[in-house]
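Data block below; observations after.
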Amino acid sequence: MGKPTGFKEFTRELPSKRSVEERLNNYSEFVEKYSEEKLNQQAARCMDCGVPFCHHGCPLGNIIPEFNDAVYRKDWKEAYDVLISTNNFPEFTGRICPAPCESSCVLGINQPPVAIEEIERHIIEIAFEKGFVTPRKPNLRSGKKVAVVGSGPAGLAAAAQLNYAGHSVTVFERDDAPGGLLRYGIPDFKLEKWVIDRRIAVMEGEGVVFKCHANVGVNVHINDLLREFNAIVLTGGSTTPRNLDIPGRALKGVYFAMDFLKQNNKRVAGKDPYANASIESNMLAGEVLATGKNVVVIGGGDTGSDCVGTSNRHGATSVTQFELLPKPPAERTSFMPWPTYPMLLKTTTSHEEGCERQWAVATKEFIGDVNGNLKALKIVDLEWKITDDRPAQFVEVKGSEREIPCELALLAMGFVHPQHEGLIKELGVELDSRGNVKATEKEYRTNLPKVFTAGDMRRGQSLVVWAISEGRECARKVDEFLNNNGNSLLETRDSALQMLA
């Protein structure tokens, strides 16, 4: 490595953030950039360790020590080339990835780990500034056509890789612009949408065709795709939210988190906030804002955190977040040994902006007024019991039942499976026991000839970085299928790790 003693000389530092007061007034990203000196120091902390476990912590198999070394030497072209050899969209992962690579960093055994995610974000932004990111058009077209249904991170990765292999790729997106979860699930204060538009422009320059307002199974017939394309890749994501079927669920003021976030993202973009609202929700009842309301977010994950940040920007009277599970520890325990990904207490920037967090709490009833509007929640504390012979179970704490004021409840409890109505039912693909599209583990192929699937639609809800990995791996299998000889030149996580072995 460029500075073998760097991890001894420098400690972990993250870029500064704009003040809470300033960032609550807009939806802009607020994490600043490192100075050139700080970036050099953070890259210098990479250790030249004997076995770089960060490779295995990253679902993409990013070659992290090598790009850290290039950053330390200020060889930005090399750093960029190393990074994009395994990651199609580092501008996305550098902003919204929970960085499992950092949990596996060897330095993290007894010191704060290397700031890998921030270094990654800086590499790609410097690459754009210096003009390294240009359309990479294939030298030869195969004559084969591939339809990718869904333009989230898995679909974009599959499309990019298949295009590099020389196939003609068309991406079908049911919404008004590509990006899927990236565009209408992630708030702008975490990922501004010009970042997506910039990447889409590069992909279009490479020859990928995007068709929006194209809802396959609704206004686009699946038989047309089966007839016109040599292969189809399903990457529609896991979009059916987990519901909370308790008394009062139909009250006005109870909404799915993703509908709330999507409506706000469209509003920020200057678009119709009610377009394509889910049938299950009552978002079509009108504009949903947290302004002047007591907001309760039910669910302790990242989507819930995004609801917290959005509610704070609306000017909510109060924001509370519930989690069914007990409060996690702040540091690793004996049950979370390095280099596994630890389930630790995570305090996001949205929490820093203002939020009361409560753990081991269950919501028993939504309480409404005479006009059908939500006014309170009935909740109860939980006690978790762990035994050796069966999974953990919880019981209600006697005497803890109470009501709290709430005019807006957001259900952020995750997703159960992809939407079955429309595409999946019309196509007739098999489903697994969880309701996801069933596909062979290593081949990504469904029970139907020439139909493949990847991302959350196949594996269930997961991380953006896993979706990109799935899209890349699936593209390789589709390329092998189209070549009809079992060979592919596309690089994937597995091939990257094989090179390092």
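Here are the numbers for the structure shown:
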{"read-out": "Qualifying residue in the stretch 257-264 (condition: modelled with pLDDT under 95, among the acidic types (Asp, Glu), within 28 Å of Gly428 (Cα to Cα) and surrounded by 15 or more Cβ atoms within 10 Å (Cβ to Cβ))", "value": "yes"}
{"read-out": "Residue count for the stretch 94-125, restricted to those that are within 23 Å of the chain's Cα centre (by Cα) and either assigned to a loop (DSSP other than H, G, I, E, B) or among the aliphatic types (A, V, I, L, M) (or both)", "value": "13"}
{"read-out": "Complete set of residues in the stretch 230-268 that are of a type in the set (Gly, Ala, Ser) and in a loop (DSSP other than H, G, I, E, B)", "value": "Gly236, Gly237, Ser238, Gly248, Ala250, Gly253"}
{"read-out": "In the stretch 302-350, the residues that are in a loop (DSSP other than H, G, I, E, B), in contact with a strand residue (DSSP E or B) (Cβ under 7 Å, 6 or more places away or on another chain) and not hydroxyl-bearing (Ser, Thr, Tyr)", "value": "Ala316, Leu324, Leu325, Pro326, Lys327"}
{"read-out": "Pairs where the first residue, in the stretch 224-252, is more than 18 Å from Lys425 (Cα to Cα) and the second is assigned to a loop (DSSP other than H, G, I, E, B) and of a type in the set (Lys, Arg), C-beta under 7 Å, 6+ apart", "value": "Asn230/Lys144; Asn230/Lys450; Ala231/Lys450"}
{"read-out": "Lone unmet requirement of (1) assigned to a loop (DSSP other than H, G, I, E, B); (2) touching a helix residue (DSSP H, G or I) at 6+ places or on another chain (Cβ under 8 Å) for Asp176", "value": "(2)"}
{"read-out": "Any hit, the stretch 292-301, residues being more than 22 Å from Arg249 (Cβ to Cβ), part of a loop (DSSP other than H, G, I, E, B) and in contact with a Pro (Cβ under 7 Å, 6 or more places away or on another chain)", "value": "no"}
{"read-out": "Leading residue by the ranking (surrounded by the fewest Cβ atoms within 10 Å (Cβ to Cβ)) among those in the stretch 69-93 that are among the small types (Gly, Ala, Ser) and part of a helix (DSSP H, G or I)", "value": "Ala70"}
{"read-out": "Number of the exception - Ile84 against (1) over 23 Å from Ile126 (Cα atoms); (2) at pLDDT 95 or above; (3) among the hydrophobic types (A, V, I, L, M, F, W, C); (4) out of contact with any helix residue (DSSP H, G or I) (no Cβ under 6 Å at 6 or more places or on another chain)", "value": "(1)"}
{"read-out": "Answer from Ala70, Ala99 - the residue that is under 28 Å from Leu181 (Cα atoms) and outside the structural domain of Trp194 (by TED's automatic domain parsing)", "value": "Ala99"}
{"read-out": "Residues satisfying the stated conditions in the stretch 186-195, i.e. farther than 18 Å from Glu129 by Cβ and not in a loop (DSSP other than H, G, I, E, B)", "value": "Lys193"}
{"read-out": "Verdict on Ile64 being touching a Pro at 6+ places or on another chain (Cβ under 8 Å) and not aromatic (Phe, Trp, Tyr)", "value": "yes"}
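The values are calculated or read from the model by the stated rules, or taken from the named source; none is laboratory data. All values derive from a computational prediction rather than experimental measurement. FYI the Cβ positions are ideal-geometry reconstructions off the backbone, even for glycines, and counts take in every protein chain you see.
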